[in-house]
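Trainee: Take this structure, written in structure tokens, and hold onto it; I'll ask about it next.
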Amino acid sequence: MDIRSNPVVKKFVEAGEAQVGRLANQLLSNERFVMAIQQIVAGTLAAKGTLDKSLRGALATMNLPSTADVEELRRRLDDLDRTMVELDAKLDRLEDRLGGSAAPAGAAGAAGQPKAAPKKRAPKKKPEA
């Protein structure tokens, strides 16, 4: 048997909910209470800002990267990866165009043997972060 289906418990819960609702309405209609809550929230946000600034300073003193530094590095690595993929694609297109033509002068190996054709590279896929 579920305790919530008991009529006495149900009536007790309903009475409690009604009293909590009345208390919440009284508190929220009290201007001093609302101002006090606003001051607490503002103070908490200011303290968090001070703590964040202090932590950034401590990390810099220890020569450790901040979250912003790591994100900037990640952005730069993503840009570099994108550039590398673009260059690889351009090289593949160039190899495709030059694939049927004769090797350029000086392309023979050390013993006068022709160099092997370069292997075709597959574009690297960017790992999902």
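The values are calculated or read from the model by the stated rules, or taken from the named source; none is laboratory data. As the structure is a prediction and not an experimental result, all values here were calculated from the model. In this analysis, Cβ positions are derived from the backbone assuming ideal geometry, glycine residues included, and neighbour counts consider all displayed protein chains. Calculation scope for accessible area: heavy atoms of the full protein, side chains included, ligands and nucleic acids excluded. Shrake-Rupley method; radii C 1.70, N 1.55, O 1.52, S 1.80 Å.
Trainee: Tell me, yes or no, whether region 9-20 has at least one residue that is without any contact (Cβ under 8 Å) to a residue 24 or more places away in the chain and not in a helix (DSSP H, G or I).
Mentor: No, there is no match, as no residue in region 9-20 is without any contact (Cβ under 8 Å) to a residue 24 or more places away in the chain and not in a helix (DSSP H, G or I).
Trainee: Return only the number of the condition from (1) part of a loop (DSSP other than H, G, I, E, B); (2) open to solvent by less than 90 Å² (accessible area, probe 1.4 Å); (3) modelled with pLDDT of 55 or more that Val85 does not satisfy.
Mentor: (1) is the only condition that Val85 fails.
Trainee: Of the residues that sit in region 21-38 and are assigned to a helix (DSSP H, G or I) and polar (S, T, N, Q), which one is modelled with the highest pLDDT?
Mentor: Result: Gln38.
Trainee: Right, next: Taking the condition loosely packed, with under 10 Cβ neighbours inside 10 Å, without any contact (Cβ under 8 Å) to a residue 40 or more places away in the chain and among the acidic types (Asp, Glu), does Asp2 pass?
Mentor: The answer is yes for Asp2.
Trainee: Considering only residues that are of a type in the set (D, E, K, R) and modelled with pLDDT under 95, which ones fall in region 39-67?
Mentor: Within region 39-67, Asp52, Lys53, Arg56 qualify.
Trainee: Ok, one more. Write out, first by first residue and then by second, each pair whose Cβ atoms fall under 9 Å of each other, whose residues are 6+ apart or on separate chains, and whose first residue, in region 30-51, is farther than 22 Å from Ser66 by Cα and among the aromatic types (Phe, Trp, Tyr) while the second is at pLDDT below 95 and in a helix (DSSP H, G or I).
Mentor: Phe33/Gln26; Phe33/Leu27
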